[in-house]
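Reading through the structure tokens given below for one structure.
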């Protein structure tokens, strides 16, 4: 991207590279000691976000809300269908990253921690190298509206006690991953759908809450390495994204008080970067980064590497739409999800 070489380095003297939740005291993150960092190149990792479309677990939980009441009993009472769903998802994910799957996987539309763990098991059962197993699931269940939430799966060390949500009823998950003492913050979210009453206000609530969290991190440490990702249910040019979240295609080179974010999907052509299809190609699934992800220190991303995995489409579909798995009343061969995954390459300067 133009201007990247002229990016101003953002350094906060006296702060650690990780996000410090309080004050300026130096603090070393506590990572799980049992995990060995897998070899994937010299600090080279693949990040993926995917709306996995109604991934429910194998238990009847008595969900009665719209949408939930269809999928809760269906997957619980039809183990073959749940097995197929998990096979489809894991097959698609392990086709990435030279057969290893993403090193960091953020997903949404997950019913429960149990459902996320079932995906973890499905992925690990296909990985013959134990060092590549997904050893961590980060998730907090949400009870507002539909009982679906984001989750993070990774084979990298995590700071588990920093896992949290933002907002009582908002689907915003914060997770922390550490490699070589460098901490990466992942904010995964699933914004209000257009079919929901007051959806514009709802998406602004998400944008404001996420920006508030990211801005607090930035003021604590202007070099904070953070990724904001999710199914935003709106495009990169929507005011909720550009104005409330302050995420655009302009490189955030300022060093002032106002955090500005780089949206890796800004200015992209929906026909080429479609992640969801409703009457037309849409870019609903996005990856956004803080200035610290562009300074070449600690974690960094390659903006040019951002991709939409559009191979997961139904053969012969003239609109090249994502091949959805569908619900109980779906007929015919089933696909994967009604969204395409999005990926970006990350590096850690060791």
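Only the coordinates and a few stated rules stand behind these numbers; no lab work does. The model shown is predicted, which means the values in this text are computed figures rather than measured ones. Every residue, glycine among them, receives a Cβ derived from its backbone with ideal geometry; neighbour counts consider all protein chains shown.
Computed values, structure above
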{"item": "Simple label model, 7 Å out from Cα along Cβ direction - residue 257 to residue 180, nm", "result": "3.6"}
{"item": "Helical mean residue ellipticity (222 nm; -39500 (n - 2.57) per DSSP H run of 4+; nearest 500) of the chain", "result": "-6000 deg cm²/dmol"}
{"item": "Residue exposure sequence - 199, 189 - by fewest surrounding Cβ within 10 Å", "result": "199, 189"}
{"item": "Choice from 78, 215, 54 showing the highest fluctuation, given a GNM over the chain with Cα pairs closer than 10 Å", "result": "78"}
{"item": "Between 0 and 90°, nearest 10: helix 68-77 axis offset from the chain longest Cα axis", "result": "70"}
{"item": "Order of 211, 134 under a 10 Å beta carbon neighbour criterion, fewest first", "result": "211, 134"}
{"item": "Gyration tensor verdict on segment 49-208 (Cα atoms; rounded if a/c is under 1.5, prolate if a/b is larger than b/c, oblate otherwise)", "result": "oblate"}
{"item": "Ordering of 229-242, 319-332 by packing [mean C-beta count within 10 Å, highest first]", "result": "229-242, 319-332"}
{"item": "DSSP bridge orientation in the chain - percent antiparallel, rounded to nearest 5", "result": "75"}
{"item": "Residue exposure sequence - 96, 261 - by fewest surrounding Cβ within 10 Å", "result": "96, 261"}
{"item": "Linear extension gain, residue 131 paired with residue 208, 0.36 nm per residue minus alpha-carbon span", "result": "23.9 nm"}
{"item": "Selected from 268, 140, 279 as most flexible by GNM, with the chain as the system and alpha-carbon contacts under 10 Å", "result": "279"}
{"item": "Gain on full stretching of the segment that runs from residue 69 to residue 160 - 0.36 nm per residue minus C-alpha separation", "result": "29.6 nm"}
{"item": "Cα→Cβ-extended label distance, 7 Å offset, between residue 200 and residue 87, nm", "result": "4.6"}
